[in-house]
Amino acid sequence: MKENSGKVYLIGAGPGDPGLLTLRGKSVLEKADVVVYDRLVSPAILGMCNPKAKMVDVGKMPTHHKVKQSEINKLLVQFASEFPGGVIARLKGGDPFVFGRGGEEALELVAAGVEFEVVPGITSAISVPAYAGIPVSHRGIATSFHIITGHEKAESSSNVIPAPTDVIPAQAGISSAPVGLDFPALAHCPGTLIFLMGIANMDFIAKRLMECGKDPKTPLAFIEKGTTPYQRTVMATLETAAETIVRENVTAPAITIMGGVVELGKTLAWKENLPLSGKRLVVTRAAKQASGITARLTALGAEVIETPMIETRTLECPLVMASPEGARQSRPADFNSLANFDILAFTSTNGVESFFNQLLASGNDIRILAGKKIASVGKITEKKLLEYGIRCDYVPEDHTGEGLGKLLASLIPQSTEGATSYPIPRILLLQGNLADDTLLKHLPQATRWVVYETLPVVELPEWKREAVASADAVVFASTSAVENFVKLMPQGTAGVPPYLKATNGSAPIPQTSFCIGRMTESAARKHGFETVTSDETTMDSLVKKIAEFYSK
Ligand code: SAH
């Protein structure tokens with residue numbers, strides 16, 4: 001092997017659902033210096049890659065120029081020499097060695113003396129039927145299954161998807177027909193037949209199979225965009241296969257599965273019945289906080305594109321800001337001065353995490369909080385505090401900053417005639433640099449420590465812009481997320497942002513946004529979104545609302 005060369009990993013990305021990427025694949029992507037990817041790879045998987053990695057798209061959409069296989073091979077060798085000791089991830093749909101040309105790429109790497117490793121992926125051949133409720137083998141029905149290419153071509157593009165002919169069946173060129181297949185053997189084979197890349201040539205394939213004696217009534221299913229939110233199953237029989245493709249406009253990527261097992265799909269289909277199946281949602285929360293909502297939405301069948309609008313950064317040490325006007329004269333806080341406060345108020349999970357990190361870094365621990373009362377803006381922050389062994393004394397019923405301000409203000413005795421019988425609680429607010437002044441308005445005597453900084457994301461990579469552009473709706477949890485989103489995805493004419501247009505160029509899709517909190521809602525409305533707002537300011541409540549919205 002060459003010294004001073006990078007290592008190439010041929011990684012299977014699975015069929016579409018990002019949850020079907022292997023742990024090994026994910027860990028390589030997280031440390032990749034370069035990611036060379038195909039068009040079938042889900043944006044959510046691209047989102048898992050090292051954010052500093054160079055992203056190289058070699059599988060543009062069918063109508064665009066695609067990088068030829070021979071060029072991809074060269075690219076991999078070239079990156080290996082450009083990144084000595086580096087990690088070059090070659091990310092391919094499904095499994096790299098199942099009609100994925102992974103073998104060809106590996107041979108080229110061996111010839112060039114480049115070290116490589118294969119990270120298998122879940123092939124669409126088996127997983128896509130599974131997501132349609134079709135087991136490829138089943139006792140008493142099929143004792144074998146066979147994965148067959150429905151397309152033969154000498155040199156083609158990166159991912160061997162026979163586009164554009166696969167997309168327009170009527171124009172299917174017979175030149176790509178799999179004439180070399182042993183049709184008599186396939187026709188007499190009692191097992192399940194699974195064709196990849198077979199849509200464009202299905203007329204030819206079905207005819208040949210029937211000519212060779214396969215029962216024209218053999219059940220068959222086309223499964224389009226399997227495991228993605230857009231999965232669709234179309235059932236037919238061998239004799240109606242070709243006409244069904246045209247009538248139902250079955251398009252690539254799709255697999256064709258033939259045999260008795262197909263009937264089971266009528267009973268076992270599960271994916272297409274999920275409440276959020278077919279929905280692609282953009283979650284604009286900061287990465288750290290997005291995972292909870294992402295998991296819940298994904299479990300309901302949605303595809304989630306995590307697109308944080310802000311990045312938060314814990315400050316090395318808290319900064320004291322006495323009042324909004326004092327913002328410019330901030331100075332480092334001293335943890336010993338915590339002794340001067342009776343109530344600590346937290347308004348976000350970030351605030352909690354940052355504060356406790358700083359507290360520990362300063363050489364203190366939670367004993368310094370002994371005897372203090374703790375307030376939280378809502379349930380999520382309250383739960384975060386529990387992780388640090390702290391129970392909250394005050395949580396407003398409405399989970400808003402306003403509510404917290406009023407609740408804490410009610411603890412302060414009104415200074416009327418005569419001395420108060422109990423001391424005025426001294427309040428410390430632990431917030432981010434962008435926190436608004438709601439709390440300070442209600443609590444003018446409070447002190448504010450800024451424990452973390454919020455920096456807006458200023459640019460989205462192209463692949464992410466494309467993914468966001470094709471989404472059904474956007475989830476907002478703060479006004480700043482709305483404002484920044486609108487900046488990143490500029491408005492189109494007539495108030496319809498271009499990202500809200502369906503990618504196929506047809507009518508604009510509804511400008512739906514799902515919002516947490518009334519302030520977020522009004523910010524979204526101001527920018528022309530239709531809004532659906534959760535009843536409570538919790539993720540559970542929002543997820544429930546989203547599911548209800550789409551079940552209508
Ligand atoms: N290496 C891939 C196959 C590459 S060939 C794998 O193991 O899955 C590309 C073909 O795979 C497509 O034409 C289609 O037939 C099939 N395919 C890939 N992803 C698919 C998906 N999500 N749904 C349906 N078919 C898919």
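The values are calculated or read from the model by the stated rules, or taken from the named source; none is laboratory data. Just so it is clear, the structure is predicted and the values come from calculations on it, not from any experiment. Ideal geometry is used to build each Cβ from the backbone, glycine not excepted, and the neighbour counts take in all protein chains shown. Side chains are part of the model used for accessible areas, which takes the heavy atoms of the whole protein and leaves out ligands, DNA and RNA. Shrake-Rupley method; radii C 1.70, N 1.55, O 1.52, S 1.80 Å.
I'd like the distance separating the alpha-carbon centroids of the range 13-45 and the range 108-133, in whole Å.
11 Å
As a check on your grasp of the helix formula, calculate [θ] at 222 nm for the chain: sum -39500 (n - 2.57) over DSSP H runs of n ≥ 4, divide by the residue count, round to the nearest 500.
Value at 222 nm, helices only: -8000 deg cm²/dmol.
Not counting ligands, DNA or RNA, and with a 1.4 Å probe, what is F341's accessible surface area in Å² rounded to the nearest 10?
About 20 Å², ignoring ligands and nucleic acids.
Provide the per-residue ³J(HN,Hα) series for the range 268-274, in order, calculated from phi with Karplus coefficients 6.51, -1.76, 1.60 and θ = phi - 60°, each as a whole number of Hz, with x at glycine and proline positions.
With the stated coefficients, the range 268-274 comes to 9, 4, 9, 5, 6, 8, 5 Hz.
Taking a 1.4 Å probe, which of R208, R247 shows the most accessible area, and what order do the others take after it?
Of R208, R247, the descending order of accessible area is R247, R208.
Using only Cα atoms and rounding to the nearest 10 degrees, what angle (0 to 90) does helix 202-211 make with the longest principal axis of the chain?
Tilt of helix 202-211: around 40 degrees.
Counting DSSP beta bridges with both partners in the chain, what percentage is antiparallel, nearest 5?
Numbers: 29 of 81 bridges.
Percent antiparallel among DSSP bridges in the chain is about 35.
Give me the accessible area of F79, 1.4 Å probe, in Å² rounded to the nearest 10.
Only protein atoms counted, so the area is about 10 Å².
As an exercise, identify the trypsin sites (Lys or Arg not before Pro) in the range 398-484 lying in DSSP coil whose Cβ has no more than 11 other Cβ atoms within 10 Å. Intermediate values should be presented prior to the final figure.
On the way: sites: K406, R426, K441, R448, K464, R465; in loops: R426.
Answer in residue order: no site qualifies.
Rank A446, A299, L193 by how far each Cα sits towards the positive end of the charge dipole of the chain (+1 on Lys, Arg Cβ; -1 on Asp, Glu Cβ) and give me just the farthest.
Looking along the dipole axis, the top candidate is A446.
With N set to the residue count of the range 313-455, report its C-alpha Rg divided by 2.2 N^0.38 Å to two decimal places.
Here the Cα radius of gyration is 1.00 times the empirical estimate.
Let me check the size of the range 7-122 from its C-alpha atoms; what are the radius of gyration and Dmax in Å?
That works out to 12.7, 36 Å for Rg and Dmax.
On C-alpha positions alone, give me the angle between the axis of helix 539-551 and the longest principal axis of the chain, in degrees, nearest 10.
Its long axis makes an angle of about 40 degrees.
With all protein chains present, calculate the accessible area of V532 using a 1.4 Å probe and round the result to the nearest 10 Å².
About 20 Å², rounded to the nearest 10.
log₁₀ I(q)/I(0) of the range 244-393 at q = 0.09, 0.13, 0.14 Å⁻¹, via Debye over equal Cα point scatterers, no solvent, to two decimals?
-0.52, -0.77, -0.85
Could you sort W463, W449 by their accessible area in this structure, using a 1.4 Å probe and putting the largest first?
These residues rank, largest area first, as W463, W449.
Relative to the longest principal axis of the C-alpha atoms of the chain, give the angle of the C-alpha long axis of helix 102-111, reported between 0 and 90° and rounded to the nearest 10°.
Value to nearest ten degrees: 90.
As a test of reading the structure, rank E303, E453 by solvent-accessible area (1.4 Å probe, protein chains only), most first.
Largest accessible area first, the residues go E453, E303.
Can you give the convex hull volume of the alpha carbon atoms of the range 181-242 per residue, in Å³?
So the per-residue Cα hull volume is 83 Å³.
Once you wrap a convex hull around the alpha carbon atoms of the chain, what is its projected area averaged over all directions, in nm²? It would help to have the intermediate numbers written out before the result.
Numbers: hull surface 126.3 nm².
Averaging across all directions leaves 31.6 nm² for the Cα convex hull.
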